[in-house]
1. Charges only on Cβ, +1 for Lys and Arg, -1 for Asp and Glu: so what's the dipole of the protein assembly as shown about the Cα centre, in debye to the nearest 20?
2. Determine the calculated [θ] at 222 nm for chain A from helices alone, applying -39500 (n - 2.57) to every DSSP H run no shorter than 4 residues and normalising by the residue count; nearest 500 deg cm²/dmol.
3. Among A:GLY17, A:ALA75, A:ALA46, flag the residue with its Cα farthest along the positive direction of the charge dipole of the stretch A:8-89, charges on Cβ as +1 for Lys/Arg and -1 for Asp/Glu.
4. What is the order of A:HIS59, A:HIS29, fewest Cβ neighbours within 10 Å to most?
5. Taking the alpha-carbon centroid of each part, what is the distance from chain B to the stretch A:110-179 in angstrom?
6. Specify whether the C-alpha gyration tensor of the stretch A:16-71 places it in the rounded, prolate or oblate class, a ≥ b ≥ c being the square roots of the eigenvalues: rounded for a/c under 1.5, otherwise prolate if a/b is larger than b/c and oblate if not.
7. If packing is taken as the mean number of other Cβ atoms within 10 Å per residue, what is the order of A:65-78, A:117-130, highest first?
8. Arranged by the count of other C-beta atoms within 10 angstrom, fewest first, what order do B:SER70, B:SER16 take?
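We did not get these values from a lab; they are worked out from the coordinates using the rules stated. Given the structure is predicted, the values throughout are model-derived calculations rather than measurements. For neighbour counting, all protein chains shown are included, and Cβ atoms are generated from backbone atoms with ideal geometry for every residue, glycine included.
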Amino acid sequence: MQVMEQPSDVLRQFRHGDLDAFEALFRQHQSEVYGWIVRIVRDPSAAEDLTVETFWRIHRAHARFDPGQGFGPWARRIATNAALDYLKTRRPEADVPDDLASPQLADPGVSEEVRRKTAYAFGRLPAKLKAAATLALIEERPYKDIAGALGISTGAVKVRVFRALRLLRKELRRQGIEP
Amino acid sequence: MNEHEQKRMEQLLKQSLPPISVLAATEPQRDLWPAMVRRLEARSLAVPWFDWALLAAVVAWFALFPGTISLLFFHL
C-alpha cells in the first residue's frame with residue numbers, strides 16, 4: 001500500500017469529524033485498503049465488507065487520529081486488525097481452498113493432493129501466524145510493511161512466519177505427508 | 001526446523017497457494033462508498049443498548065408500582 005500524502009487541511013477536518021473530508025479520504029484510500037485486506041483474507045467478497053468495516057472503525061476513531069503519523073499507515077493498521085478479527089471468526093472448513101494453485105502454476109513434482117492438504121492445513125493455522133506468513137511468503141510483501149501493519153517489529157514478523165511453517169510441517173507430518 | 005527444511009516448506013506453501021493477484025483483482029470491482037454511506041446511516045439510526053435498558057427499567061417499575069404513574073404525571 002502506498003503511503004499517500006494528504007493535504008493537511010483535509011486531515012485536520014477529518015479529525016474534527018467532517019464527513020466530506022472522510023469521503024475524500026475514503027475515495028483516495030479504498031483501493032489500497034481493499035488490496036491489503038484481500039491479500040490477507042483471500043476472499044474478494046469478504047474483503048469488500050472488511051474495507052467498509054475498516055473505514056467504519058476509522059470514522060469512529062477520527063478524534064484519535066494523529067495527522068503527523070499519516071493516514072495510510074494508520075488505515076493499514078486498522079485494516080489488518082479487521083482482517084485478523086475476520087480470520088479468527090471464520091470456520092476452518094471455509095478455508096478448503098478455492099484458491100489452490102492451478103496445475104499450470106504448480107510444480108508437477110508436488111501432487112494436487114499434497115497441495116490441497118497443505119492449503120487446508122495452512123487455513124487452520126492461528127490467524128496471527130497465517131496473516132504474517134501469507135503476507136511474507138505468498139504475497140511477498142516487505143517485512144517492514146508487515147511489521148507496521150501488525151504493530152510489531154520485523155524480528156517478530158520473522159518469528160511468526162517461522163512458527164507458521166513449523167506448525168504447518170507438524171500438521172502435514174501428522175497426516176503422513178513428509179514435506 | 002533447519003534452514004533447508006524452512007526453504008522447502010516455503011516452496012511447498014507457494015506451490016499450494018498462489019498470490020491473490022493471480023486469482024482475483026486486488027482492487028474493488030465497485031465503488032464502496034454507497035455501502036459506506038448505508039453503514040453510517042444504519043448506525044446513526046441505531047438506539048444505544050443502555051437507552052433500551054433504561055426504557056425497560058421504567059416500564060418494569062410502572063408495572064410493579066402502578067401507583068407511581070400518577071406521581072410521574074404530577075411532576076410533568
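1. 1020
2. -21000 deg cm²/dmol
3. The Cα lying farthest towards the positive end belongs to A:ALA75.
4. A:HIS59, A:HIS29
5. 28
6. prolate
7. Values: A:65-78: 16.6, A:117-130: 19.8.
Top to bottom by mean Cβ count within 10 Å: A:117-130, A:65-78.
8. Values: B:SER70 9, B:SER16 26.
Ascending Cβ contact count within 10 Å gives the list B:SER70, B:SER16.
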